[in-house]
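Down below is the structure, laid out as structure tokens.
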Amino acid sequence: MSKYILPVSVFGTVFGCAVLLKNHVTGGRCPSKATINGKTVVITGANTGIGKETAKELAKRGGRVIMGCRDMEKCEAAAKEIRGKTLNPHVYARHLDLASVKSVREFAGRIKREEQRVDVLINNAGVMRCPEGKTEDGFDMQLGVNHLGHFLLTNLLLDELKKSAPSRVINLASLAHIVGKIDFEDLNWEKKKFDTKQAYCQSKLANVLFTRELAKRLQGSGVTVNAVHPGVVATELGRHTGMHQSQFSSSVLSPFFSLLVKNSELGAQPSVYLAVSEEMEAVTGRYYDVMTEKEPAPQALDEEAARRLWEVSSRLVGLEEEGQSSTSNPPAEAQNKAAQRDPALTVGQNPQPAVRTEGL
Ligand SMILES: NC(=O)c1ccc[n+]([C@@H]2O[C@H](COP(=O)([O-])OP(=O)(O)OC[C@H]3O[C@@H](n4cnc5c(N)ncnc54)[C@H](OP(=O)(O)O)[C@@H]3O)[C@@H](O)[C@H]2O)c1
């Protein structure tokens, strides 16, 4: 019996210290106490995880919060909960499916019609390592939701952001971008064997490249844009990974894992910091690891790749052909014409119907 005492106590001490130090090591809370009364925040994927906690914190700080979610039942329930907990009645649930260009355009159109201003846009929604699948428009699901949907939404709301300047765009990227590679020859996994990890990393690298190119294009406009890795946060993001799917890991390993990683409330602090803090007002084009500015991976600093990704993305979502203020669907022939100019624009000849990934 005594031979187990030492290893067990060492494990217990290390584990206990890790749990106690977790908040400190993982970045802590947003130091700014700034309030945002009179400001409007649009946040995607706000019914759960980091997005929901970010929406709650910004509502607490007095913002008018528009939550864009694909599942209206979950969205209404989260909005109601946030209104109740913060006593801020100005929290609204709106339909947004980032896996559909049509839905993104409808959402943006409604914001433009109904809102006087957009002070903060938080591109938060994301899917990670989901099974191979295509969006309604035939894009790889992870590229489509994590990058292309947000790329289109941001562009459609640019006039509102500019009118409301100083205003901010925040893109939830990930440390995973460091192993990402943009395959301009096959962005949508039409030619090579599908690799869901690499598809996620590609989409998160796209978030950082998009941030840098947008910041360049918005210079002098009063609209800033930054990317952030929120840290490792216990959310539903891993729903498609082994951890959530195996009985052993979800019942035995997962409780240990969640003791060591941040909860969603702490996970929201970096987004809140970028959205409200005074010292971030003029900062743009940067990458934040939690609340500390870091240099992103070398491939995220490639200006030519950022420019090319912008052009390809514009054409894929139909912005280039129609002009940014249009709210109609991207014409299929626009995508086909564009594909003749750049192989990166190839989308499935027979786009599969949209794949809803929740609960799979
Ligand atoms: N958690 C982490 O450790 C971590 C680390 C690095 C980066 N991130 C990034 O942080 C962001 C938030 O992730 P999270 O951890 O909070 O994940 P989460 O708990 O899974 O929340 C993701 C949100 O995105 C929504 N979403 C997914 N597909 C959508 C679509 N087609 N249209 C609209 N909304 C959609 C989800 O809606 P449903 O509930 O309907 O599915 C959900 O509200 C993501 O961009 C993620 O890449 C997270």
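Filter region 282-339 for residues that are among the acidic types (Asp, Glu) and modelled with pLDDT under 95; which is farthest from Asn226 (Cα to Cα)? Can you show your working first?
Filtering region 282-339 down to residues among the acidic types (Asp, Glu) leaves 289, 293, 295, 302-304, 311, 320-322, 333.
Filter once more, so that each one left must be modelled with pLDDT under 95: 320-322, 333.
Values: Glu320: 24, Glu321: 27, Glu322: 27, Glu333: 33 Å.
Step by step, filter region 282-339, then rank; the result is Glu333.
Working only within region 120-129, note down all residues that are more than 9 Å from the ligand (Cβ to nearest atom) and either buried (at least 24 other Cβ atoms within 10 Å of the Cβ) or not charged (D, E, K, R) (or both).
As a first pass, look at region 120-129 and keep what is more than 9 Å from the ligand (Cβ to nearest atom): 120-122, 129.
Scanning region 120-129 gives Val120, Leu121, Ile122.
Which of the residues spanning region 146-174 are away from the ligand (no atom under 12 Å from the Cβ), among the small types (Gly, Ala, Ser) and either under 13 Å from Thr211 (Cβ atoms) or outside any strand (DSSP E or B) (or both)?
Ser164, Ala165
Please list, ordered by first then second residue, the pairs with beta carbon atoms under 7 Å, 6 or more apart or interchain, first in region 253-270 and assigned to a helix (DSSP H, G or I) and modelled with pLDDT of 65 or more, second within 11 Å of the ligand (Cβ to nearest atom) and charged (D, E, K, R).
Ser264/Lys52; Ser264/Glu53; Glu265/Glu53; Gly267/Glu53
If you go through region 206-237 one residue at a time, how many are within 12 Å of the ligand (Cβ to nearest atom) and of a type in the set (A, V, I, L, M, F, W, C)?
Residues of region 206-237 within 12 Å of the ligand (Cβ to nearest atom): 206-208, 227-237.
Those still in the list that are of a type in the set (A, V, I, L, M, F, W, C) too: 206, 208, 227-228, 232-234, 237.
Within region 206-237, residues that are within 12 Å of the ligand (Cβ to nearest atom) and of a type in the set (A, V, I, L, M, F, W, C) number 8.
Is one or more of the residues making up region 175-197 part of a strand (DSSP E or B), buried (at least 24 other Cβ atoms within 10 Å of the Cβ) and away from the ligand (no atom under 11 Å from the Cβ)?
In the first step, residues of region 175-197 are kept if they are part of a strand (DSSP E or B); the result is none.
Among the residues of region 175-197, not one is part of a strand (DSSP E or B), buried (at least 24 other Cβ atoms within 10 Å of the Cβ) and away from the ligand (no atom under 11 Å from the Cβ), which makes the answer no.
Got a number for residues in region 114-140 being in a loop (DSSP other than H, G, I, E, B) and either within 16 Å of the chain's Cα centre (by Cα) or without any contact (Cβ under 8 Å) to a residue 60 or more places away in the chain (or both)? Can you show your working first?
Quick first cut of region 114-140, residues in a loop (DSSP other than H, G, I, E, B) only: 115-119, 124-133, 135-139.
Now narrow it down to the ones that are either within 16 Å of the chain's Cα centre (by Cα) or without any contact (Cβ under 8 Å) to a residue 60 or more places away in the chain (or both): 124-130.
Adding up the residues that qualify gives 7.
Does His229 meet the test of being modelled with pLDDT under 90 and either buried (at least 16 other Cβ atoms within 10 Å of the Cβ) or not β-branched (Val, Ile, Thr) (or both)? Steps first, answer last, please.
Values: modelled with pLDDT under 90: no; either buried (at least 16 other Cβ atoms within 10 Å of the Cβ) or not β-branched (Val, Ile, Thr) (or both): yes.
Spelling it out, it is not the case that His229 is modelled with pLDDT under 90 and either buried (at least 16 other Cβ atoms within 10 Å of the Cβ) or not β-branched (Val, Ile, Thr) (or both).
Can you tell me which condition Leu143 does not meet? The list is (1) within 18 Å of Arg315 (Cβ to Cβ); (2) within 9 Å of the ligand (Cβ to nearest atom); (3) under 12 Å from the mean Cα position of the chain (by Cα), and all the others hold.
The one condition Leu143 does not meet is (2).
Looking only at residues in region 61-113 that are in a strand (DSSP E or B), within 11 Å of the ligand (Cβ to nearest atom) and hydrophobic (A, V, I, L, M, F, W, C), which one is farthest from Pro31 (Cα to Cα)?
Per the stated criteria, the residue is Cys69.
So, of the residues in region 157-174 that are crowded, with 22+ Cβ neighbours inside 10 Å and touching an Asp or Glu at 6+ places or on another chain (Cβ under 9 Å), which turns out to be farthest from Glu293 (Cα to Cα)?
By that ranking, first place goes to Leu161.
May I ask you to list pairs of residues, at least six apart or on different chains, whose Cβ atoms are under 6 Å apart, with the first in region 157-171 being of a type in the set (A, V, I, L, M) and the second being in a loop (DSSP other than H, G, I, E, B)?
From residues that are of a type in the set (A, V, I, L, M), the pairs are Leu157/Val118; Leu161/Val118; Ala165/Gly222.
What are the residue pairs meeting all of these: first residue in region 35-50, first residue farther than 14 Å from Val127 by Cα, second residue of a type outside the set (Gly, Ala, Ser) and within 6 Å of the ligand (Cβ to nearest atom), Cβ atoms under 7 Å, and 6 or more apart or on different chains?
What qualifies is Ile43/Asn124.
Can you tell me which residue in region 287-313 is farthest from the chain's Cα centre (by Cα), limited to those that are farther than 14 Å from Cys30 by Cα and surrounded by 20 or more Cβ atoms within 10 Å (Cβ to Cβ)?
Out of the qualifying residues, it is Val312.
Determine if region 34-42 includes at least one residue that is at pLDDT 95 or above and within 13 Å of the ligand (Cβ to nearest atom). Can you show your working first?
Here is the first cut: in region 34-42, the ones at pLDDT 95 or above are 34-42.
Remaining after also requiring within 13 Å of the ligand (Cβ to nearest atom): 42.
Yes - at least one qualifying residue is present in region 34-42.
Conditions: (1) surrounded by 21 or more Cβ atoms within 10 Å (Cβ to Cβ); (2) touching a His at 6+ places or on another chain (Cβ under 8 Å); (3) in a loop (DSSP other than H, G, I, E, B). Ser203 meets all but one. Number of the miss?
Among (1) surrounded by 21 or more Cβ atoms within 10 Å (Cβ to Cβ); (2) touching a His at 6+ places or on another chain (Cβ under 8 Å); (3) in a loop (DSSP other than H, G, I, E, B), Ser203 violates only (3).
The values are calculated or read from the model by the stated rules, or taken from the named source; none is laboratory data. Keep in mind the model is a prediction, meaning the values are calculated, not measured. Glycine also receives a Cβ, built like all others from the backbone with ideal geometry; neighbour counts cover every protein chain displayed.
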